[in-house]
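These notes concern the structure reproduced below.
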Amino acid sequence: MINITFPDGVVRQYEQGITAMDIAKSISEGLARKVLAAKVNGQVIDASRPITQDGTIQLLTWTDADGKATMWHSSAHLMAEALESLYPGVKFGYGPPLENGGFYYDVDLDGRQISEEELRRLEVKMQELAKQNNPYIRREVPKAEAIRYFTEKNDPYKLEIIDRLEDGNISFYTQGGFTDLCRGPHIPSTGFIKAVKLTNIAGAYWLGNEKNKMLTRIYGVTFPSQKELDEHLALIEEAKKRDHRKLGKELDLFAFSEKVGLGLPLWLPKGAMLRERLQNFLQKAQIESGYLPVITPHIGNKALYVTSGHYEKYGKDSFQAIHTPEEGEEFMLKPMNCPHHCEIYKTSPRSYKDLPIRFAEFGTVYRYEQHGELHGLTRVRGFTQDDAHLFCRPDQVKEEFIKVIDLVLYVFGSLGFENYTAQISLRDKENRSKYIGSEENWNLAEQAIIESAAEKGLNTVVEYGEAAFYGPKLDFMVKDALGRKWQLGTIQVDYNLPERFELEYVGADNKPHRPVMIHRAPFGSMERFIAVLIEHCAGKFPLWLTPTQVKLLPISDKFVPYAEKVAALLKKVEIRAEIDDRGEKIGKKIREAELAKIPYMLVIGEKEEAEEKVAVRRQAKGDLGTMSVEAFTKLVQDEVISRKPFE
């Protein structure tokens, strides 16, 4: 018999070898009909796989993120089966689920193209195959058999994947007439897939390498009902309207230039003002919390990153080393700020009375992302982290960690991000080779995070294998206005870099001790945060943040002098105002100000000038009536002070 612990803490005994599906049936047949997969000891597995030892279990349905991911992974296999039926000889790369919904499969059609009409035909074929309700059957195979199978299929991509796998760790999945190399897991059968939509076709280099062949990437999404699919497609249309790349261009926030370089954003004046305001907002909060500003160079000696471990872990993802005229001297564009901050810590002797020390920097770092992975501001090659590193005594870790949580929540609250989960990112339970540092230090760091999150009453999930190579993390997974999940703020506990850099402080016992390091970034990166913020609020920024708060709209040239007088009064009290003095009709001026997401519009004509007032309009709300400049000023200032999120 084995002991199985359920999410509510209840422990039940079952015979060794029982499956999650059998457990579900023992509870109720209704539940069993909904189960897509199971999470056993933190690992998602097929509901049909035997459970052979004591452990925890979560039965996964469509309401669970892992349940959705399993169905979308299975849908990629269903699409592959349909492709093989319609395009004999097609070859397959990878077909994963997507974090924000749906799936894709990279395929080699041997020069054939898929038109929109053929995409619809592929959808129909998928639905036809789904109705067959074929089970997904797992089979573990020897490496030699796997090689033989895909050699006969003449699929070089699967053979390349198999070459990197260890014998005894290879599995096939079969549904209907299709077999694929896959570790799983999958849903019980194709019948769970009721509604299908293939959404997009793109090109993707094999393994993301520009030197490899360009494959066809087909995107899709599936749902357990047509109603849910229709709702999802409506959200996609709304997401297109909110796309930060589209709005960034319309609102004159940022641009890209191939001459400057792919993935290197150029901040236009309005975007720079928005970014600067965000930075000032966080800097003010940091200063009040005892942070000390520092500035470090954009490059560093290669030896710095060898010491920190970043070169070993991220060297392949960095820009090539910079060789100087000095023989053997190499520099790198900075991939991380933390090694530089460790060196700042070492500039002076430190006492236990000095700690905690909190260094903060808006530091720009560089990573060589592959061309095909670049995406607007969310995936770039140069980005600025709102980085800080806290050096503290072991007895201060928990208190400091909780203070950082408070800061992150303050940032989210001020910007309207109210729906979030705190992900406790721990080491992989089995593969420890990805991490540096001692078991003892890792245990201490993980415990500090778990206790701090519990003390703050955060809604948490635990994810194994998601820790940084030097320490565990608390990652804030934020849902935007469309329900999409983004990883924004992060806090990390690190016992390892202080060891590598031999950081010390003199303790009360007059002996040297190692400090503990806390890494934190409430925004994550300025670029990615602003991209998410644009899409979250559809470009309608909170009034305190928006680049232009007020647009003055004189009805004719005759009233421009009075508009200039009002603008000057507003600017004196730090209200950001602009005048539209073009010779256009007032209706067109209002429409364009609305499209530009200007929060307030002040219409100025003969009556307003005579009474020294302004006619106020609120974006998307219309007329607020006529009021004095003083009354309008108070209206704006009160809204700014309230830090009210977007409308």
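The values are calculated or read from the model by the stated rules, or taken from the named source; none is laboratory data. All figures in this text were calculated on a predicted structure; none of them were measured in a lab. Don't worry about glycine lacking a Cβ; one is built from the backbone with ideal geometry, like all the others, and counts go over all protein chains shown.
Results for (1) without any contact (Cβ under 8 Å) to a residue 24 or more places away in the chain; (2) closer than 23 Å to LYS213 by Cα; (3) aromatic (Phe, Trp, Tyr), shown as yes or no for each residue.
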| site | (1), (2), (3) |
| --- | --- |
| ASP108 | no, yes, no |
| GLY111 | yes, yes, no |
| LEU119 | no, yes, no |
| VAL124 | yes, no, no |
| ASN134 | no, no, no |
| LYS143 | no, no, no |
| TYR149 | no, yes, yes |
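For VAL44, indicate whether it is closer than 24 Å to THR460 by Cα and either buried (at least 19 other Cβ atoms within 10 Å of the Cβ) or at pLDDT below 95 (or both). Spell out the reasoning first.
Working: closer than 24 Å to THR460 by Cα: yes; either buried (at least 19 other Cβ atoms within 10 Å of the Cβ) or at pLDDT below 95 (or both): yes.
For VAL44, the condition - closer than 24 Å to THR460 by Cα and either buried (at least 19 other Cβ atoms within 10 Å of the Cβ) or at pLDDT below 95 (or both) - is met.
Can you find even one residue in the stretch 149-160 that is more than 20 Å from LEU83 (Cβ to Cβ) and touching a helix residue (DSSP H, G or I) at 6+ places or on another chain (Cβ under 6 Å)?
no
Suppose the filter is surrounded by fewer than 17 Cβ atoms within 10 Å (Cβ to Cβ) and under 34 Å from the mean Cα position of the chain (by Cα); does LEU165 pass it?
Numbers: surrounded by fewer than 17 Cβ atoms within 10 Å (Cβ to Cβ): yes; under 34 Å from the mean Cα position of the chain (by Cα): yes.
Yes: the conditions hold for LEU165.
Quick check on my filter: what residues within the stretch 74-90 are touching a Lys or Arg at 6+ places or on another chain (Cβ under 8 Å) and not polar (S, T, N, Q)? Even if it seems obvious, please write down each step before you answer.
Step one: filter the stretch 74-90 for residues touching a Lys or Arg at 6+ places or on another chain (Cβ under 8 Å), giving 82, 85-87.
Once the filter is applied, which keeps residues that are touching a Lys or Arg at 6+ places or on another chain (Cβ under 8 Å) and not polar (S, T, N, Q), the stretch 74-90 yields ALA82, LEU86, TYR87.
Based on this model, can you work out whether ASN419 counts as over 30 Å from GLY507 (Cα atoms) and over 22 Å from the mean Cα position of the chain (by Cα)? Full working, then the answer.
Numbers: over 30 Å from GLY507 (Cα atoms): yes; over 22 Å from the mean Cα position of the chain (by Cα): no.
So ASN419 fails the test.
Note down all Cβ pairs under 9 Å where the first residue falls in the stretch 288-310 and is under 11 Å from LEU333 (Cα atoms), the second is among the hydroxyl-bearing types (Ser, Thr, Tyr) and part of a loop (DSSP other than H, G, I, E, B), and they're at least six residues apart or on different chains.
Note: pairs meeting the criteria are TYR305/SER318.
Just to verify a result, which residue in the stretch 445-466, among those that are under 17 Å from ARG520 (Cα atoms), of a type in the set (Gly, Ala, Ser) and at pLDDT 90 or above, is surrounded by the fewest Cβ atoms within 10 Å (Cβ to Cβ)?
Only one residue fits best here, namely ALA453.
Would you mind stating whether GLY489 is in contact (Cβ under 8 Å) with a residue 24 or more places away in the chain, buried (at least 21 other Cβ atoms within 10 Å of the Cβ) and of a type in the set (Gly, Ala, Ser)? Step through it out loud before you land on a result.
Numbers: in contact (Cβ under 8 Å) with a residue 24 or more places away in the chain: yes; buried (at least 21 other Cβ atoms within 10 Å of the Cβ): yes; of a type in the set (Gly, Ala, Ser): yes.
Considered against the rule, which asks whether it is in contact (Cβ under 8 Å) with a residue 24 or more places away in the chain, buried (at least 21 other Cβ atoms within 10 Å of the Cβ) and of a type in the set (Gly, Ala, Ser), GLY489 comes out as yes.
Confirm whether TYR410 is of a type outside the set (Lys, Arg) and farther than 23 Å from LEU497 by Cα.
The answer is yes for TYR410.
Looking at the stretch 464-486 only, could you name the residues that are touching a residue at least 60 places away in the same chain (Cβ under 8 Å) and closer than 25 Å to GLU312 by Cα?
TYR464, PHE469, TYR470, LEU474
Return yes or no: is GLY363 buried (at least 17 other Cβ atoms within 10 Å of the Cβ) and either assigned to a strand (DSSP E or B) or hydroxyl-bearing (Ser, Thr, Tyr) (or both)?
Working: buried (at least 17 other Cβ atoms within 10 Å of the Cβ): yes; either assigned to a strand (DSSP E or B) or hydroxyl-bearing (Ser, Thr, Tyr) (or both): yes.
Considered against the rule, which asks whether it is buried (at least 17 other Cβ atoms within 10 Å of the Cβ) and either assigned to a strand (DSSP E or B) or hydroxyl-bearing (Ser, Thr, Tyr) (or both), GLY363 comes out as yes.
Hey, does the stretch 561-575 have a residue that's touching a residue at least 24 places away in the same chain (Cβ under 8 Å), surrounded by 20 or more Cβ atoms within 10 Å (Cβ to Cβ) and touching a helix residue (DSSP H, G or I) at 6+ places or on another chain (Cβ under 8 Å)?
The first filter runs over the stretch 561-575 and keeps only residues touching a residue at least 24 places away in the same chain (Cβ under 8 Å), leaving 562-563, 566, 569-570, 573, 575.
Filter again for surrounded by 20 or more Cβ atoms within 10 Å (Cβ to Cβ), leaving 563, 566, 570.
Retained after the next criterion (residues that are touching a helix residue (DSSP H, G or I) at 6+ places or on another chain (Cβ under 8 Å)): 566, 570.
There is at least one residue in the stretch 561-575 that is touching a residue at least 24 places away in the same chain (Cβ under 8 Å), surrounded by 20 or more Cβ atoms within 10 Å (Cβ to Cβ) and touching a helix residue (DSSP H, G or I) at 6+ places or on another chain (Cβ under 8 Å).
Condition first: surrounded by 13 or more Cβ atoms within 10 Å (Cβ to Cβ), of a type in the set (D, E, K, R) and within 27 Å of ARG148 (Cβ to Cβ). Now tell me which residues in the stretch 177-212 satisfy that.
Once the filter is applied, which keeps residues that are surrounded by 13 or more Cβ atoms within 10 Å (Cβ to Cβ), of a type in the set (D, E, K, R) and within 27 Å of ARG148 (Cβ to Cβ), the stretch 177-212 yields only ASP180.
Answer yes or no as to whether PHE223 is surrounded by 17 or more Cβ atoms within 10 Å (Cβ to Cβ), more than 30 Å from VAL196 (Cβ to Cβ) and at pLDDT 95 or above. Reasoning before the result, please.
Values: surrounded by 17 or more Cβ atoms within 10 Å (Cβ to Cβ): yes; more than 30 Å from VAL196 (Cβ to Cβ): no; at pLDDT 95 or above: yes.
The answer is no for PHE223.
For the stretch 4-22, name all the residues that are of a type outside the set (Asp, Glu), surrounded by 12 or more Cβ atoms within 10 Å (Cβ to Cβ) and over 35 Å from the mean Cα position of the chain (by Cα).
ARG12, TYR14, ILE18
For the stretch 311-338: of the residues being part of a helix (DSSP H, G or I) and in contact (Cβ under 8 Å) with a residue 24 or more places away in the chain, which is surrounded by the most Cβ atoms within 10 Å (Cβ to Cβ)?
To start, the set of residues in the stretch 311-338 that are part of a helix (DSSP H, G or I) comprises 311-317, 338.
Filter once more, keeping what is in contact (Cβ under 8 Å) with a residue 24 or more places away in the chain: 313-314, 317, 338.
Values: LYS313: 17, TYR314: 17, ASP317: 12, CYS338: 23.
Out of the qualifying residues, it is CYS338.
From the list ALA76, ALA82, ALA47, exactly one residue is touching a Leu at 6+ places or on another chain (Cβ under 6 Å) and in contact (Cβ under 8 Å) with a residue 12 or more places away in the chain. Which is it? Talk me through it step by step, then tell me what you get.
Details: ALA76 fails: touching a Leu at 6+ places or on another chain (Cβ under 6 Å); ALA47 fails: touching a Leu at 6+ places or on another chain (Cβ under 6 Å).
After applying the criteria, what remains is ALA82.
State yes or no: is ILE598 under 15 Å from PHE632 (Cα atoms) and outside any strand (DSSP E or B)? Step through it out loud before you land on a result.
On the way: under 15 Å from PHE632 (Cα atoms): no; outside any strand (DSSP E or B): yes.
In short, no.
Looking at (1) part of a helix (DSSP H, G or I); (2) more than 17 Å from VAL196 (Cβ to Cβ); (3) at pLDDT below 95, which one does GLY67 not meet, given that it meets all the others?
The failed condition is (3).
To keep it simple, each residue is scored yes or no on (1) touching a Gly at 6+ places or on another chain (Cβ under 8 Å); (2) in a helix (DSSP H, G or I); (3) not small (Gly, Ala, Ser).
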{"residue": "PHE559", "(1), (2), (3)": "yes, yes, yes"}
{"residue": "GLU574", "(1), (2), (3)": "no, no, yes"}
{"residue": "GLY583", "(1), (2), (3)": "no, no, no"}
{"residue": "GLU594", "(1), (2), (3)": "no, yes, yes"}
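Looking only at the stretch 516-529, filter to residues that are in a loop (DSSP other than H, G, I, E, B) and in contact with a Phe, Trp or Tyr (Cβ under 7 Å, 6 or more places away or on another chain); which one of those is surrounded by the fewest Cβ atoms within 10 Å (Cβ to Cβ)?
Of the stretch 516-529, the ones in a loop (DSSP other than H, G, I, E, B) are 522-525.
Next cut, in contact with a Phe, Trp or Tyr (Cβ under 7 Å, 6 or more places away or on another chain) only: 523, 525.
Values: PHE523: 25, SER525: 21.
Looking at the filtered set, the residue picked out is SER525.
From the list VAL493, VAL532, VAL478, exactly one residue is under 21 Å from ASP387 (Cα atoms) and in a helix (DSSP H, G or I). Which is it?
VAL532
Given the criterion part of a strand (DSSP E or B), out of contact with any helix residue (DSSP H, G or I) (no Cβ under 7 Å at 6 or more places or on another chain) and of a type in the set (Asp, Glu), identify the matching residue among ASP354, ASP395, ASP387.
Criteria check complete, one pass: ASP387.
Checking VAL260 against (1) assigned to a loop (DSSP other than H, G, I, E, B); (2) within 30 Å of MET71 (Cβ to Cβ): exactly one of these is not met. Which one?
Among (1) assigned to a loop (DSSP other than H, G, I, E, B); (2) within 30 Å of MET71 (Cβ to Cβ), VAL260 violates only (2).
With the checklist (1) touching a Phe, Trp or Tyr at 6+ places or on another chain (Cβ under 6 Å); (2) within 24 Å of LYS316 (Cα to Cα); (3) part of a strand (DSSP E or B); (4) of a type outside the set (Gly, Ala, Ser) in hand, flag the one item HIS341 doesn't pass.
Going through the list (1) touching a Phe, Trp or Tyr at 6+ places or on another chain (Cβ under 6 Å); (2) within 24 Å of LYS316 (Cα to Cα); (3) part of a strand (DSSP E or B); (4) of a type outside the set (Gly, Ala, Ser), HIS341 breaks only (3).
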